[in-house]
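*Asks:* Pasting a structure below so you can have a look.
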Amino acid sequence: MSTQQQQPEEPQSQEAPEDPEMRGAESPVDEKEKQGGDIDQQTTPEDELEGETVHIKVFRYDPEVEGKQEPRFDDFHVPFEKGMTVLDAVMYARDTYDSSLTFRHSCRQAVCGSDAFFVNGKQRLGCKTQIADLEQPIRIEPLPHQEVVKDLVVDMDHFYDQMHTVEPYFQDEDTPNPADLEEQRQSPENREKIKMSSRCIWCGACMSSCNIAAGDNDYLGPAAINKAYKFAMDDREGEEIKEHRLRILEQEHGVWRCQTQFSCTEVCPKDIPLTEHIQELKREAVKKNLKFW
Amino acid sequence: MYEHDVIVVGAGGAGLRAAIAAHEAGSDVAIVSKLHPVRSHTGAAEGGINAALQEGDDWELHAYDTMKGSDYLGDAPAVETLAQDAPEDTMRLEHWGMPFSREEDGRVSQRPFGGLSYPRTTYAGAETGHHLLHTMYEQVVKRGIQVYDEWYVMELATSDEDEPNDRSCHGVVAYDVQSGNVEGFKANDGVILATGGPGQAFDHTTNAVSCTGDGHAMAYRAGAPLEDMEFIQFHPTSLPSTGVLISEGVRGEGGILYNSEGERFMFEHGYANNSGELASRDVVARAELTEVNEGRGVDDEYVHLDMRHLGEERILDRLENILHLAEDFEGVDGLVEPMPVKPGQHYAMGGIEVDENGQTCVDGLYAAGECACVSVHGGNRLGGNALPELIVFGKRAGRHAAGEDLGEPQIRTGYGDDVEDETETELPVQPGDAGLDTSSGVAADGGVAADAQGIVERKVEQARTRVDTLMDRDDGVQHAEIRQKLQNAMTDYVNVFRTEEGVKKALRIIRECREEYQNVYVDDPSRTFNTDLQQTIETRNLIDVAETIALGALVRDEFRGAHWRKEHQERKDDEWLKHTLISWNDGQPDIFYRPVILEGQDKTYEPKERSY
């Protein structure tokens, strides 16, 4: 159905001029990936870009179209507008130059989580990444470590499966009758405690950035562990269910796999302290005297 | 062919709630959605859920506020059902673990919202919709409800009797976006449309790219009338460059609107002497544009929304998400400077005509959420009333489709002896089918009436032919060009301020779009994840929906709620206490009217002057 995009090969049918930033097959980790950080080091002030075009290089692949079966990069030059995002740029390229350019997107405001791409060597949400903050040409690729379906679209099924593994739903059979209009009490402090974890938009950026997830297909991954954190830390669920949740998390492919590289935390577009949450769950598991792997 | 008892189309708030309700009623229910559920646009709702939860508040006040907000075009049985069911259904969300904002005593917080006589908007930060959507998806996962995600529903499988009221719906036809396969989904007990709004008919909108009115258009072509489509809400506070929404919660918490001269115009120019910034949305949107049109806009385009005086602590506690949105999408730090805002298309009050149980006039066809018109919102929706509508009427549609008895509805649907035909307005062009496109929702092939399975199979064949035709054509015009032309026409001429000439112009352009669409082609030859094909089909839906919006805006020659007409500056209760209904009529649209129901269970809502 699709090709594994562990590290994109040097495209053979690349139409673009030689790109000094282009990764070779021999050097799978490029400089920018190591640097991480929120924005590229060298960027152009926004007012200097007014009236200019933006050069984007977009990963292309389609398993059934001749010429696209071997992955390649296409170059597009898009007129710059103030406030333009990576999503705006690929939408412009699609609507103006090539209607077959394919990517997921919907809300345009960083809440639907559809448009996580690998932009200049880092997982980012297309809709909340400003063009002016990026070094050109801008390389836009599908999320690494996931099967590519077509162009920038990756298969999310594994991500969803991992999310579902942690029983991602509130579990308390002892809730009041809704007709009594009686809520479960929760302190503002406890609500604050779970606030950041509840912001996850399932974009998959964290999972894609995680070296452990890349090497261990059964690893729950940062997003699923964070989802479990949301419930485990919510005082509305009882102690018994909390222990049940910790047992799911402390298994071989659970929290102990995390090696605190902070790559997930660095790429999370909602600024969720994923690594901290994972560490906190490790401590909770120890406190409960659960098995230590 | 797939087969289930109940098929829910769309996986936002209404669709998920409908599926849960049908499942709880013992039905084998499946959700078919063009997006994975958590991508749905309910997730972008910010403000909150109106529900009379506290002592001192009661459902009757909520109903009264809603009826006044609707400018007396809401149907009382629908409005009262909403107000009565909202508290319990909101509590149920809490019991499902939804992380509502909390008071010191641990109870859920509520805040003031525009047009409300009591602070009854229950919220979860400024991201209430996100939490509502995820909480309900969690419950769908818990119950193991089947979800066909990234399946795009193209058509309904409806029988072909002459009168829509005699027709029945037996399923849907969808294509798997990932593989391009077109398949039938047979629904033994009902199809529930929960496809959201049609905001993409406009150029400047807070709606997602996916909000293309698919359910509206499919139901319309299948024979269910669209109701009150002229009533489009323009949200007063969207960011100028992208249309991203800034929640009414900002004004609810005390945010102030200023013009370029630093005047607090809502008061100083007398738009709403009592409620100021918290007047109803239509009032505030018109005030802002009037300021801009009279030369007091900032950069001749927008006004300022200032929340700095609320203080960093309160903003971070209750409106943190707003800071991120203003920073990421407008480059403005809301803690140190005012935010630029202008009206943006936000919500469609109208939609597929349904009764209190979510049923359309076509047997087995239901609609809930923004795509439906019960009618709760009438001429104008109050902030915080969309989310309770999703959970209340999603639940009711799910239960009813699953066979539960919810009592006899008081609202009637379809063409009947209680409607009045439109006879006066002269249309600038013939609306409806341009003659060549065969994608009607009705399985009309002149053959003998088939059984349910046969109807679905026949529709699958038609849909496959339609896809092949679009894919095989080698040149012509592409959907993006048509869509942009349509969006510009709607934003230019069917916006906040409407004139007869402008709306007529829009209808002519829509007609051109329809004719151009006869030559539309899909350039991408691939069957794999072909968004070119999907957007091409969506564009057809947008044309049908936009036309009904413009037709409604032309025939309703009065000023009510969000519908403002330059030549008709007053609400005409003698003539217009009635809903506009537009029926596809196999390509020759019919316009008729049904009286609004102002009689509630205990009292009648007498139309009063609407001032804030």
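*Asks:* If each of B:LYS142 and B:ASN273 carries a label point 7 Å out from its Cα toward its Cβ, how far apart are those two points in nm?
*Replies:* Between B:LYS142 and B:ASN273, the label points sit 5.2 nm apart.
*Asks:* First measure r as the distance between the Cβ atoms of A:SER187 and A:ASP216, then evaluate 1/(1 + (r/R0)^6) with R0 = 56 Å and state the FRET efficiency to the nearest 0.05.
*Replies:* 0.90
*Asks:* Could I ask something else about it? Between the alpha-carbon centers of segment A:256-274 and segment B:74-94, tell me the distance in whole angstrom.
*Replies:* When both Cα centres are located, 41 Å separates them.
*Asks:* Angle check, please: helix B:128-143 long axis (alpha carbons) against the longest principal axis of chain B (alpha carbons), in degrees 0 to 90, nearest 10.
*Replies:* 40
*Asks:* Still on this structure, please answer the following. Taking 2.2 N^0.38 Å as the expected size of a compact globular protein, what ratio does the Cα radius of gyration of the protein assembly as shown give against it, to two decimals?
*Replies:* Cα-based Rg divided by the globular estimate yields 0.90.
*Asks:* Given q = 0.11, 0.15, 0.21 Å⁻¹, what are the Debye log10 I(q)/I(0) values for segment B:452-578, with equal point scatterers placed on the Cα positions and solvent ignored?
*Replies:* -0.52, -0.77, -1.09
*Asks:* At a probe size of 1.4 Å, how large is the accessible area of B:GLU512, to the nearest 10 Å²?
*Replies:* Surface accessible to solvent at B:GLU512 totals approximately 80 Å².
*Asks:* Using a simple spin-label model with points 7 Å from Cα along the Cα→Cβ vector, what separation in nm is obtained for A:GLU280 and A:HIS55?
*Replies:* Placing both labels 7 Å beyond Cα along the Cβ direction yields 4.5 nm.
*Asks:* What does the convex hull of the alpha-carbon atoms of chain B project to on average, in nm²?
*Replies:* Directional mean of the projected Cα hull area for chain B stands at 25.3 nm².
*Asks:* Enter the accessible area of A:LEU181 (Å², nearest 10), with the probe set to 1.4 Å and all protein chains included.
*Replies:* Near enough 50 Å² of accessible area.
*Asks:* In units of 2.2 N^0.38 Å, what is the alpha-carbon radius of gyration of segment B:236-342?
*Replies:* 0.98
*Asks:* Something else about it: Starting from the amide H of B:TYR148, placed 1.01 Å from N in the peptide plane, find each other amide H under 5 Å away whose residue is 5 or more places distant or on another chain.
*Replies:* B:ILE31, B:VAL32, B:SER33
*Asks:* Given H placed 1.01 Å from N in the peptide plane, which residues other than close sequence neighbours of B:ILE411 have an amide H under 5 Å from its amide H?
*Replies:* Residues meeting the criterion, in which the H sits 1.01 Å from N, are B:GLU356.
*Asks:* Separate question: Rounded to the nearest 100 Å², what is the buried accessible area between A and B, both sides summed, probe 1.4 Å?
*Replies:* For chain A against chain B, roughly 5400 Å² becomes buried.
*Asks:* For segment A:46-154, divide the Cα radius of gyration by the Kirkwood radius and give the resulting Rg/Rh value with two decimals.
*Replies:* We get a ratio of 0.95 for segment A:46-154.
*Asks:* By what distance, in whole Å, do the Cα atoms of segment A:195-293 stretch along each of the three principal axes, largest value first?
*Replies:* 33, 29, 17
*Asks:* Still on this structure: Show the residues, 5+ positions off or on another chain, whose built amide H is closer than 5 Å to the amide H of A:ALA116.
*Replies:* Hits under the 5 Å cutoff: A:GLY126.
*Asks:* Explain nothing, just compute: Karplus ³J(HN,Hα) = 6.51 cos²θ - 1.76 cosθ + 1.60, θ = phi - 60°, for every residue of segment B:152-158 in order, whole Hz, x for Gly and Pro.
*Replies:* Per-residue couplings from phi come out as 9, 7, 9, 8, 8, 9, 10 Hz.
*Asks:* Modelled label-to-label distance, B:GLU606 and A:THR96, 7 Å Cα→beta-carbon offset: nm?
*Replies:* With each label placed 7 Å out from Cα toward Cβ, I get 6.0 nm.
*Asks:* What is the gain in length, in nm to one decimal, between B:ASP333 and B:LEU427 on full extension, counting 0.36 nm per residue of separation less the C-alpha to C-alpha distance?
*Replies:* Here the answer is 29.0 nm.
*Asks:* Would you mind classifying segment B:61-175 by shape? Square roots of the alpha carbon gyration tensor eigenvalues, ordered a ≥ b ≥ c; an a/c under 1.5 is rounded, otherwise it is prolate if a/b is larger than b/c and oblate if not.
*Replies:* Oblate.
The values are calculated or read from the model by the stated rules, or taken from the named source; none is laboratory data. The shown structure was predicted, so the numbers you read here are calculated from the model rather than taken from an experiment. Note that we place each Cβ from the backbone using ideal geometry, even for glycine, and neighbour counts take in every protein chain shown. For accessibility, only protein heavy atoms count, side chains too; no ligands or nucleic acids. Shrake-Rupley method; radii C 1.70, N 1.55, O 1.52, S 1.80 Å.
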